[in-house]
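Student: First the structure, which I've put down as structure tokens, then a few questions once you've had a look.
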Amino acid sequence: MRRRDFIQLSGMGLGALMGASAIPVLGNVVPAEHLIGSGVDVATKKRLADVALNAAKSKGATYTDVRIGRYLQQYLFTRENKVQNVVNAESYGVGIRVIANGTWGFSATSDVTPEGIAKCAETAVSIAKANSKIQKEPVVLAPQKGVGEVSWKTPLKKNSFEVPVQEKIDLLMNVNGEAMKNGAAFVTSNLFFINEQKYFASTDGSYIDQDVHRIWPTFTVTAIDKQAGKFKTRDAISSPMGMGYEYLDGLASEKIAGPNGLVGYRNSYDMVEDAIFAAKQAKEKLTAKSVMAGKYDLVLDPNHLGLTIHESVGHPLELDRVLGYEANYAGTSFATLDKWKTKSFNYGSKLVNIVADKTQPYTLGTVGYDDEGVPCKEWDLIKDGVLVNYQAIRDQVNILGEKESHGCCYADNWDSVQFQRMPNVSLRPGKEKLNVQDMIKGVEKGIYIIGRGSYSIDQQRYNFQFGGQLFYEIKNGQIAGMVDDVAYQSNTQEFWNSCAQICDKDDYRTFGSFFDGKGQPSQVSAVSHGSATTRFNGVNVINTGRKI
Amino acid sequence: MTILTKEEAKKIIDKVLSFSKADEMSVALSGGRTGNIRYARNSVSTSGESYNLSLSITAVFGKRSGTSTINEFDDKSLEKAVRRAEEIARLAPENPEFVPALGPQQYVDPASFSQKTADISPDYRASAAFDSIDPCSKKNLTAAGYMEDRTGFNAIGNSKGLFGYNKATSVDFSITVRTADGLGSGYAIRDFNDVSKLSTKQATEIAMQKAMASTSARALEPGKYTVILEPAASIDLLQNMMRSMDARNADEGRSFLSKKGGGIRLGEKLFDERVNIYSDPMNLEIPGSPFAGDGRPQEKVYWIENGVVKNLTYSRYWAEKKGVKAVPNPGGFIMAGGTESLADLIKGTEKGILVTRFWYIRAVDPQTLLYTGLTRDGTFYIENGQIKYPIKNFRFNESPVIMLNNLEAMGKPTRIGGSLVPPLKIRDFTFSSLSDAV
């Protein structure tokens, strides 16, 4: 059984924000109170998992893992003074993956009974055996010592699902009301909450119970000049986080003061304040000067740079892409194994240190163990500008000559097969004391860019074009005012080699992608990208204004 | 059995409605089978099959509505789901834009079901993949492809007597072929309701030819060029434009169809007069669904006629407010073209660029429908009516509105992504930078 609906977002302002054009809703719609609590107890899950492990073994599997998953979602959609939709959904079932005759097989069922699970395990083995007839090389699985019976939970202060729906609606109505009061013609606002209750067991001797929470508050404000026939939008500069409802506390201590009264948010978000800024800034965009195309030094805010890291470093260093497994869909990668083997491929300037991790607090990718039972860790991808590693899982890591998986395997639901997904990929902050204001002082001709805008990159991740939410022209070390119609184009290696300065850890923040798509059939995943404000010299800026 | 007959579906829907204590109740019942096979590096990587049957119940009290879904169908479970929808409805906030459900409707009966597609087996999928992989292996080329087939039904009903049922099948296939040295790449994509029209071998042969012909690509300077866009290239830009034809956004002043000083551009000539785009659920090549999700019948609608905007899409709420007919979003669309083949268009081109497909298309400015993206998997330079040599990929920044004003010629429409689109010859298409990607 599978139910996967999509909420279409066309005309709601959010379409451009998503990796996917629609928001996936998995499972059955249920009342909100059904989302509180943890479902089946651990002892029962262990008993059911053992049914799968034993059944698969008896049919000839040499390795088996089983995931019993309860996936909960609550999404709220509003516009102006109206609640458009509140979706509460639950998806519950079991996915079983086996190796038989050296080949993977996978099957899933919503029949979470000993009989249903045994039958599902049998199907997984039969699929593996059928596919083994055309398999060219047997699966080589990196060893993983069993971790015994363990558990992990997102460190939370406030479980979002326990906060009454009315309180959430009140917040969004307040956000919308303040935006309208401050000059918005239209506003849409949304809250997304996710809780993955995952139980993993494998024939390695692991029984892992995890409770993973994620949150994303966001909005789009539209300002209109009817006379001129113009409209401009400004999206929230929040970040999706691996946190509970406490992310919405709006703590003053987590705000970072930028130039010209601009505010950045670290691990606490003031949604109402941001909506007020957004309304005023959207109006300002209506009359902002259209940018003069040319070369500029770019000062990129973490809430913008995160997506550039995601597209130009995160995706090209996925080993399955490098090997060609995504060739028919997302594409391959310029960062080929021969470049990595030279140990001297200059991905970026010496300042560029990019790390993969699934352990950083408050981030979307952080869990205790990945979806094949590997304890999570941190590892370097780019060190002092040189490409040093990729992202790999148990059946790939041998290609890199390593004996231990990186622990970045993920499935978006119990009925999806797990595969390599991007961990958090972040740029380390600079070592020398530096804030944004001081960075701007050193720029003669530049543009300061904030927020996630239009983004596009080629199928091998060389050529990209990025827009943003807010653009400020920098002239002789000072902000000269807002500009519009800005997008920058570059080539990944050239761009990262133009990295000239990185602010220190006090400016460090995470950006996130909540619905990153990959694979056929497509699966979503959520991932964070941390950075401090960073300067790139001499980047090509184009003017995107047109007349129709 | 997840494909219910019309009678079986009606029986369940009637049963659900008989339990209702709400002012109004709407039911949607759908089910089917999805199968897929994926391969890369000339070997199958994943394949699977999944079944689904699910029921969605929406209860209404005044202007409050609530929805519950379920996939168990005994009387007790159905009644429980009805009570749950009613409970959610009572707790929901009032929707000021609420519109009551439609009464009985007349629906057309498109030929969207094919028994041959419904009969697809895992063996069929494996042999379809083999027909694509084998010729590539033999020529030292690398195939990566994906086939997905769907067989399903949709039924809707409500307490005002509306009932609709449709059964449909579809198959989608795409193939990317790369040369062993990684310097050439080709692509082909197909979709049909009837799988007997699909030859994975023929589609793969085209991708193979393009892969082999695209090695040693030369770099051209970015700039404005005459292009021939194959349907796989133009479809996304056209589809994005068709999805931006919402009347409410235009009325609200936030659409490419909003007018300076207020109002909308309905009835204005915005495109070359040869541009005609319409939708028709009864078209035999792209048979669509007879109804939209809210029960509105799908009919033949002209969206653009002789370059003039003829219709916009309306929600029922907005149509009622504006006092006009509530035209729903169409399934696929048909862009009328000429009779020439792609080869004829190439023959008639003095200097130009042939584009196989675009990739990573994203909106840059919703005001002008400006999009960016890149060419991929087969881009060639044309001179004196002949393909001269492969060229490196380009990034474009272009609006479909500008593109459809710069129309030079159109070929014979073919099916792509559930629509019918002709190959288009366009002048002054804007390529803004070069890409090293193959």
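The values are calculated or read from the model by the stated rules, or taken from the named source; none is laboratory data. No experiment lies behind these values; they were computed from the predicted model shown. Using ideal geometry, Cβ is built from the backbone for each residue, glycine included, and neighbour counts are taken over all protein chains shown.
Student: For residue B:384, indicate whether it is free of Cβ contacts under 8 Å to residues at least 40 places away in the same chain and on the phi > 0 side of the Ramachandran plot.
Tutor: Here the answer is yes, as residue B:384 does meet what is asked.
Student: Tell me, which strands (runs of 3 or more DSSP E) lie completely within region A:145-246 with 2 or more residues that are of a type in the set (A, V, I, L, M, F, W, C) and within 30 Å of residue A:56 (Cβ to Cβ)?
Tutor: A:148-153, A:186-202, A:206-225
Student: Quickly run through region B:61-113 and pick out the residues that are part of a loop (DSSP other than H, G, I, E, B), within 14 Å of chain A (Cβ to nearest Cβ) and charged (D, E, K, R).
Tutor: Answer for region B:61-113, where residues must be part of a loop (DSSP other than H, G, I, E, B), within 14 Å of chain A (Cβ to nearest Cβ) and charged (D, E, K, R): B:63, B:72, B:94, B:97.
Student: Would you check which residues across region B:87-125 are of a type in the set (Asp, Glu) and modelled with pLDDT of 95 or more and list them?
Tutor: B:109, B:119
Student: Which number in (1) surrounded by fewer than 23 Cβ atoms within 10 Å (Cβ to Cβ); (2) touching a helix residue (DSSP H, G or I) at 6+ places or on another chain (Cβ under 7 Å); (3) assigned to a strand (DSSP E or B) marks the one condition that residue A:440 misses?
Tutor: Of everything listed in (1) surrounded by fewer than 23 Cβ atoms within 10 Å (Cβ to Cβ); (2) touching a helix residue (DSSP H, G or I) at 6+ places or on another chain (Cβ under 7 Å); (3) assigned to a strand (DSSP E or B), residue A:440 misses just condition (3).
Student: Something else about it: Scan region B:308-332 and report the pairs whose first residue is surrounded by fewer than 17 Cβ atoms within 10 Å (Cβ to Cβ) and whose second residue is outside any loop (DSSP other than H, G, I, E, B) and β-branched (Val, Ile, Thr), with Cβ atoms within less than 8 Å and a gap of 6+ or a chain change.
Tutor: Going by the 8 Å Cβ cut-off, the qualifying pairs are B:310/B:304.
Student: If we keep just the residues of region A:504-538 that are more than 30 Å from residue B:44 (Cα to Cα) and surrounded by fewer than 19 Cβ atoms within 10 Å (Cβ to Cβ), which is nearest to the other protein chains (Cβ to nearest Cβ)?
Tutor: Filtering first and then ranking leaves A:538.
Student: Is one or more of the residues making up region B:135-155 assigned by TED's automatic domain parsing to the domain that holds residue B:285 and free of Cβ contacts under 8 Å to residues at least 12 places away in the same chain?
Tutor: Within region B:135-155, none of the residues are assigned by TED's automatic domain parsing to the domain that holds residue B:285 and free of Cβ contacts under 8 Å to residues at least 12 places away in the same chain.
Student: Right, next: Picking from B:370, B:420, B:407, B:424, which residue would you name as being within 14 Å of chain A (Cβ to nearest Cβ) and under 23 Å from residue B:306 (Cα atoms)?
Tutor: That would be B:370, the only listed residue that is within 14 Å of chain A (Cβ to nearest Cβ) and under 23 Å from residue B:306 (Cα atoms).
Student: Scan A:339, A:350, A:358, A:295 and give me the residue that is in contact (Cβ under 8 Å) with a residue 24 or more places away in the chain and buried (at least 24 other Cβ atoms within 10 Å of the Cβ).
Tutor: Step by step, each of A:339, A:350, A:358, A:295 is checked, and only A:358 is in contact (Cβ under 8 Å) with a residue 24 or more places away in the chain and buried (at least 24 other Cβ atoms within 10 Å of the Cβ).
Student: Scan region A:315-325 for residues that are over 11 Å from residue A:460 (Cβ atoms) and not in a helix (DSSP H, G or I) and jot them down.
Tutor: A:317, A:318, A:324, A:325 - these are the residues of region A:315-325 that are over 11 Å from residue A:460 (Cβ atoms) and not in a helix (DSSP H, G or I).
Student: Quick one: in region A:105-143, of everything that is of a type in the set (D, E, K, R) and either within 10 Å of another protein chain (Cβ to nearest Cβ) or part of a helix (DSSP H, G or I) (or both), which residue is farthest from residue A:45 (Cα to Cα)?
Tutor: Looking at the filtered set, the residue picked out is A:136.
Student: Which residues, taken from region A:210-255, are more than 14 Å from every other protein chain (Cβ to nearest Cβ), hydroxyl-bearing (Ser, Thr, Tyr) and surrounded by 19 or more Cβ atoms within 10 Å (Cβ to Cβ)?
Tutor: Hits for region A:210-255 are A:218, A:238, A:239, A:245, A:247.
Student: Between residues in region B:25-45 that are more than 8 Å from every other protein chain (Cβ to nearest Cβ) and touching a residue at least 12 places away in the same chain (Cβ under 8 Å) and residues that are part of a strand (DSSP E or B) and hydrophobic (A, V, I, L, M, F, W, C), which pairs lie under 6 Å by C-beta distance while being six or more apart or on different chains?
Tutor: Taking only residues 6 or more apart or on different chains, the pairs are B:25/B:59; B:27/B:57; B:28/B:156; B:29/B:55; B:29/B:155; B:31/B:53; B:37/B:147.
Student: I'd like to know if region A:443-454 contains one or more residues that are under 30 Å from residue B:176 (Cβ atoms) and away from chain B (no Cβ under 11 Å).
Tutor: yes
Student: Please go through region A:369-391 and give me each residue that is under 20 Å from residue A:513 (Cα atoms) and either touching a residue at least 60 places away in the same chain (Cβ under 8 Å) or polar (S, T, N, Q) (or both), ordered by number.
Tutor: A:371, A:381, A:390, A:391
Student: Continuing with the same structure: Scan region A:446-458 and tell me whether some residue there is buried (at least 23 other Cβ atoms within 10 Å of the Cβ), more than 19 Å from the chain's Cα centre (by Cα) and closer than 24 Å to residue A:324 by Cα.
Tutor: yes
Student: Please pick out the residue among A:288, A:330 that is modelled with pLDDT under 95 and within 14 Å of another protein chain (Cβ to nearest Cβ).
Tutor: Of A:288, A:330, the one residue that is modelled with pLDDT under 95 and within 14 Å of another protein chain (Cβ to nearest Cβ) is A:330.
Student: Hey, can you tell me all the residues within region A:257-273 that are in contact (Cβ under 8 Å) with a residue 40 or more places away in the chain and closer than 18 Å to residue A:80 by Cα?
Tutor: Once the filter is applied, which keeps residues that are in contact (Cβ under 8 Å) with a residue 40 or more places away in the chain and closer than 18 Å to residue A:80 by Cα, region A:257-273 yields A:271, A:272.
Here is a yes/no grid of residues against (1) of a type in the set (Asp, Glu); (2) in contact with a helix residue (DSSP H, G or I) (Cβ under 8 Å, 6 or more places away or on another chain); (3) within 29 Å of residue A:213 (Cβ to Cβ):
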{"position": "A:62", "(1), (2), (3)": "no, no, no"}
{"position": "A:75", "(1), (2), (3)": "no, no, yes"}
{"position": "A:95", "(1), (2), (3)": "no, no, yes"}
{"position": "A:102", "(1), (2), (3)": "no, yes, no"}
{"position": "A:143", "(1), (2), (3)": "no, no, no"}
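Student: Taking the conditions exactly as written (part of a strand (DSSP E or B), touching a Phe, Trp or Tyr at 6+ places or on another chain (Cβ under 6 Å) and within 13 Å of chain B (Cβ to nearest Cβ)), does residue A:93 satisfy them or not?
Tutor: yes
Student: If you go through region B:10-24 one residue at a time, how many are within 30 Å of the chain's Cα centre (by Cα) and under 16 Å from residue B:81 (Cβ atoms)?
Tutor: Total meeting the criteria: 1.
Student: Also, quick follow-up: Which of the residues that make up region B:333-388 are of a type in the set (Asp, Glu), in a strand (DSSP E or B) and crowded, with 17+ Cβ neighbours inside 10 Å?
Tutor: Selection gives B:365, B:377.
Student: Moving on. Could you check region A:247-274 and list, in sequence order, the residues that are part of a helix (DSSP H, G or I), closer than 17 Å to residue A:451 by Cβ and of a type in the set (Asp, Glu)?
Tutor: A:273, A:274
Student: Hey, does region A:53-75 have a residue that's in contact with a His (Cβ under 9 Å, 6 or more places away or on another chain), surrounded by 15 or more Cβ atoms within 10 Å (Cβ to Cβ) and either in the same structural domain as residue A:245 (by TED's automatic domain parsing) or at pLDDT below 80 (or both)?
Tutor: Yes; the residues of region A:53-75 include at least one that is in contact with a His (Cβ under 9 Å, 6 or more places away or on another chain), surrounded by 15 or more Cβ atoms within 10 Å (Cβ to Cβ) and either in the same structural domain as residue A:245 (by TED's automatic domain parsing) or at pLDDT below 80 (or both).
Student: Okay, moving on. Determine whether region B:49-60 contains at least one residue that is out of contact with any strand residue (DSSP E or B) (no Cβ under 7 Å at 6 or more places or on another chain), within 11 Å of chain A (Cβ to nearest Cβ), modelled with pLDDT of 90 or more and within 30 Å of residue A:165 (Cα to Cα).
Tutor: No, every residue in region B:49-60 fails to be out of contact with any strand residue (DSSP E or B) (no Cβ under 7 Å at 6 or more places or on another chain), within 11 Å of chain A (Cβ to nearest Cβ), modelled with pLDDT of 90 or more and within 30 Å of residue A:165 (Cα to Cα).
Student: Taking the options B:174, B:185, name whichever one is within 14 Å of chain A (Cβ to nearest Cβ) and out of contact with any helix residue (DSSP H, G or I) (no Cβ under 8 Å at 6 or more places or on another chain).
Tutor: B:174
Student: Is region B:25-34 home to any residue that is closer than 30 Å to residue A:136 by Cα and not aliphatic (A, V, I, L, M)?
Tutor: The answer is yes; a qualifying residue exists.
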